[in-house]
């Protein structure tokens, strides 16, 4: 109990006075949920509004950029580091690579208030040249960010399993907003370049010209991944599986049209031609009037596809 009280006291001391109740609540939730307690000595802070970067160990001495914050927590791999990001607009040059294991990257505001925008030049809005947030480590949790990356054939977040083992695996993406729209071609919200046991829950994907979520191979093929409770709006394809996937669950998602004429959806879920999908379970999803096909598996190989309790609201 004494340890819990100290955690709560430290959370309040770090954030009060002068900060929002949302910020205080964020750390209090971590403190009061034993499963989510993370060492306070490894908490780092990012605030776009500071005049210049500090050592990142307090709000007063926060890093000015997410790139700096991620570089710091990469040195704390395996220690349960937390990177808290205050509301702001962060224009940063990709890729920002998370190579650490066991890291929480969390916005203390809402996704529309805490925006990471991939750009070609620091501080200048331009098309980026790479994937925005590249996760090559493992057990990384990204929560509550708005992610914008408008580069052809690039993604807002990539799980990269180069190196094998846990690389690109055991990650969790929650409460994020993805805008991978491009003017010069296709873009992705989340791209699995390999990666296993990743959990995508409670996010919104808006306006992807290719696929909001793309599962494809690299060192290995994505397996045992869960895509659950997300909203796909005006994306060409909601979930696109292009390599062998085993025990993938796509459940409780909502696939819908956008408000603009070009924001229709071709397919809610597409499984690529001639591909052995292993076992893919698609269940309890809502497909709203937009999709030509709710699930396009017409070209699959020996896929073991299970569909159940999905709804078409045409």
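Any read-out appearing in this document is the output of simple, stated calculations on the displayed coordinates, not a laboratory observation. Only a predicted model underlies this, so the values are computations on that prediction, with no experimental measurement involved. Cβ atoms come from the backbone with ideal geometry, glycine included; neighbour counts cover every protein chain shown.
Please give the length that would be gained between residue 286 and residue 306 if that part of the chain were fully extended, namely 0.36 nm times their separation in residues minus their C-alpha to C-alpha distance (nm, one decimal). List each step's numbers first, then the result.
On the way: separation 20, 0.36 × 20 = 7.20 nm, distance 1.58 nm.
Difference between extended and current length: 5.6 nm.
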Original post:
Taking neighbour counts of Cβ atoms within 10 Å as a proxy for exposure, in what order, fewest first, do 110, 215, 133, 76 appear?
Top reply: 110, 76, 133, 215
Subject >> Taking 256, 169 and counting other C-beta atoms within 10 Å, the order from fewest to most >> reply: 256, 169
Original post:
Say each of residue 175 and residue 112 gets a label point 7 Å from the Cα, pointing the same way as Cα to Cβ; how far apart are those two points in nm?
Top reply: 1.6
Original post:
Can you give the FRET efficiency for residue 166 and residue 57, using 1/(1 + (r/R0)^6), R0 = 25 Å, r = Cβ-Cβ distance, to the nearest 0.05?
Top reply: 0.35
Subject >> Order of 93, 43, 239 under a 10 Å beta carbon neighbour criterion, fewest first >> reply: 93, 43, 239
**OP:** Could you calculate the FRET efficiency of residue 79 with residue 199 from 1/(1 + (r/R0)^6), where r is the beta carbon distance between them and R0 is 30 Å, rounded to 0.05?
**Re:** 0.85
